[in-house]
There are 2 protein chains.
Amino acid sequence: MEKVDGRLVRGDQTRRAVLRRAVDIASVDGLEGLSIGRLASELGISKSGLFAHFGSKEELQLATIRAARRIYADAVVTPAYEVEPGLGRLFALSESWLEYSRSRVFPGGCFFQKVSHEYAARGGAVQEALAGAHQEWMGLIENVVREAVERGEVDVDPAQLAFDLNAYYEAANLASILHNDEAPYEQARQSIRARLESARVGKSR
Amino acid sequence: MEKVDGRLVRGDQTRRAVLRRAVDIASVDGLEGLSIGRLASELGISKSGLFAHFGSKEELQLATIRAARRIYADAVVTPAYEVEPGLGRLFALSESWLEYSRSRVFPGGCFFQKVSHEYAARGGAVQEALAGAHQEWMGLIENVVREAVERGEVDVDPAQLAFDLNAYYEAANLASILHNDEAPYEQARQSIRARLESARVGKSR
DNA sequence: AAACAATACGAACGGTCGTATTATTAGTTT
DNA sequence: AAACTAATAATACGACCGTTCGTATTGTTT
């Protein structure tokens, strides 16, 4: 039991604090570099006490992924879904993604891109969770594209446009972190604009 | 002295064998997961003997990056430069990149994408070497694009087209490894075709 | 054959890792 | 206030980390 009368008990507060710090560490040093001892000492709690919350390193990693997903949804998805469906929402999604990366919602840039590369070739529960998150995210872009197609604003294969847009996002994120430079976001914006323009129906041809 | 009459002495052979294995390990488990003890035991040599070749873990990592660069150049760049400059070479570069990733020249997919994400947000000599490699690679694509521009085959901003193409490569690489699926390469090919087609001069408009 | 590097080895160092066991504290319920 | 439970802490373990050291082996040069 973690809740009493809707009020959080002690243990759940700790869990939240742990995971908030964990996603930040992992976005810089990865889910492997996320060590229990370091996490505990940074939070000023005991290693064993922290460990007891999760039972294993892998469970901590999976919980960290779920926590990152919530933050990601709040920063990227929610703002876009406040815009009406169609091309406008697709633009909004692109803008909120770039802003999510640029503003370093996670200090190491996009959490999922970082740890997905870390575990992509490894197998196991963590890899599977990340593969699932990737699929979920690509599906979400496709759905937003499809809304624009259904409204007759664009004429494209949703999966193909989703692939391109996601590619621009990721390329900008990596280049920006690697060179500590914001210019790649402007390049990505240019690519997005051009790509969406070329997808519009009734475009000059 | 490492060479005598152009013949390799013992130590250099070991170094080569170490680095050949190191790039493979790092492409799966990263430059941090590349541990000296593991590397030595996989090669059947002593940990201290291996260590003596590099003097520090960081030097081993930097040497591994240089070794990966040579393999990358052989697999991706050299084949493309056997094609005449212009749009043909740009296509060839794209094809050889996708084939480099698909055929798992490194078992974990693109070495540089993997370790660049690992060290992008960390600073230090390794991060700087990887930032340099990224810049060198983007510059190479731009030059190939520029050759096509100078021949009047396309009309684009070389940096912008290089950004897009590289984005397609990387997105395909990650998706393929994460889902153990070759379909992303076909998606990337489609994106590349469309993007190059839209850049051609004398295109229908 | 003697001298000299280059190369490789085994053993050990202090640290940190994830994990298990046991004890102590704090909060809630009776 | 006593009993009970959930949460945190203390301590310890074996494994592995990068690194250092002294020594043996090998190959080349004199």
Notebook entry, point to check: Rounded, prolate or oblate: which fits the protein assembly as shown when a ≥ b ≥ c are the square roots of the eigenvalues of the alpha-carbon gyration tensor, with rounded for a/c under 1.5 and prolate only if a/b beats b/c?
Noted result: oblate
Item checked: Among B:168, B:115, B:149 the positive-end extreme of the charge dipole of chain B (Cβ point charges) -> B:115
Next item on the list: Compute the Cα gyration tensor for chain A, then decide on rounded, prolate or oblate, letting a ≥ b ≥ c be the square roots of its eigenvalues: rounded whenever a/c is under 1.5, prolate when a/b is larger than b/c in the other cases, and oblate in all that remain.
Entry: prolate
Checklist line | Degrees between helix B:183-199 axis and first principal axis of chain B (Cα, 0 to 90, nearest 10) | finding: 50
Notebook entry, point to check: Rounded to the nearest 500, what is chain B's calculated 222 nm mean residue ellipticity when only DSSP H runs of at least 4 contribute -39500 (n - 2.57) each, over all residues?
Noted result: -24000 deg cm²/dmol
Notebook entry, point to check: Over chain B, what is the relative contact order in whole percent, taking alpha-carbon pairs under 8 Å and six or more residues apart?
Noted result: 19
Check: Put the label 7 Å from Cα along Cα→Cβ for residue B:150; what are its distances to the other copies, in nanometres, shortest first?
Finding: 5.1
Notebook entry, point to check: Which cross-chain or sequence-distant (5 or more) residues have an amide H under 5 Å from the amide H of residue A:120, H modelled 1.01 Å from N in plane?
Noted result: none
Note to self: Running a GNM on chain A with Cα contacts under 10 Å, which residue among A:13, A:113, A:160 ends up with the highest mean-square fluctuation?
What the structure shows: A:13
Margin query: From the phi angles alone, apply the Karplus equation (6.51, -1.76, 1.60; θ = phi - 60°) to region A:156-161 and give each ³J(HN,Hα) in whole Hz, x where the residue is Gly or Pro.
Written below: 8, 7, x, 5, 5, 5
Item checked: Crossing angle, helix A:10-33 versus chain A [Cα axis fit, 0-90 degrees, rounded to tens] -> 60
Notebook entry, point to check: When the dipole is taken about the Cα centre of chain A, and only Lys, Arg (+1) and Asp, Glu (-1) are charged at their Cβ, what size is it in debye, to the nearest 20?
Noted result: 520
Item checked: Nearest 10 degrees, 0 to 90: helix A:125-150 Cα axis against chain A principal axis -> 30
Check: Nm distances between the label at residue B:95 and the same-position labels in the remaining copies, 7 Å along Cα→Cβ, shortest first?
Finding: 4.2
Next item on the list: Would you kindly derive the ³J(HN,Hα) couplings of region A:41-48 from the backbone phi angles with the Karplus curve 6.51 cos²θ - 1.76 cosθ + 1.60 (θ = phi - 60°), listing them in order in whole Hz, with x for Gly and Pro?
Entry: 5, 5, 8, x, 10, 7, 4, 5
Item checked: Count of Lys pairs (Cα-Cα under 29 Å; at least 8 positions apart or interchain) in the protein assembly as shown -> 17
Item checked: Label zone at residue A:38 (point 7 Å along Cα-to-Cβ), backbone N below 15 Å, region B:80-123 -> B:118-123
Next item on the list: Taking H placed 1.01 Å from N in the peptide plane, check which residues at least 5 places from residue A:154 or on another chain put their amide H under 5 Å from its amide H.
Entry: A:149, A:201
Note to self: Using alpha carbons only, how many angstrom separate the centre of region A:127-195 from the centre of region B:83-117?
What the structure shows: 21
Note to self: List, shortest first and in nm to one decimal, how far the label point of residue A:37 (7 Å from Cα along Cα→Cβ) is from its counterparts in the other copies.
What the structure shows: 1.3
Next item on the list: With all protein chains present, calculate the accessible area of residue A:72 using a 1.4 Å probe and round the result to the nearest 10 Å².
Entry: 20
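The values are calculated or read from the model by the stated rules, or taken from the named source; none is laboratory data. Please read all numbers here as calculations on a predicted model, not as lab measurements. Methodologically, a virtual Cβ is constructed for each residue, glycine included, from the backbone with ideal geometry; neighbour enumeration extends over all protein chains shown. Just so you know, the surface numbers come from the protein's heavy atoms only, side chains and all, with ligands and any DNA or RNA stripped out. Shrake-Rupley method; radii C 1.70, N 1.55, O 1.52, S 1.80 Å.
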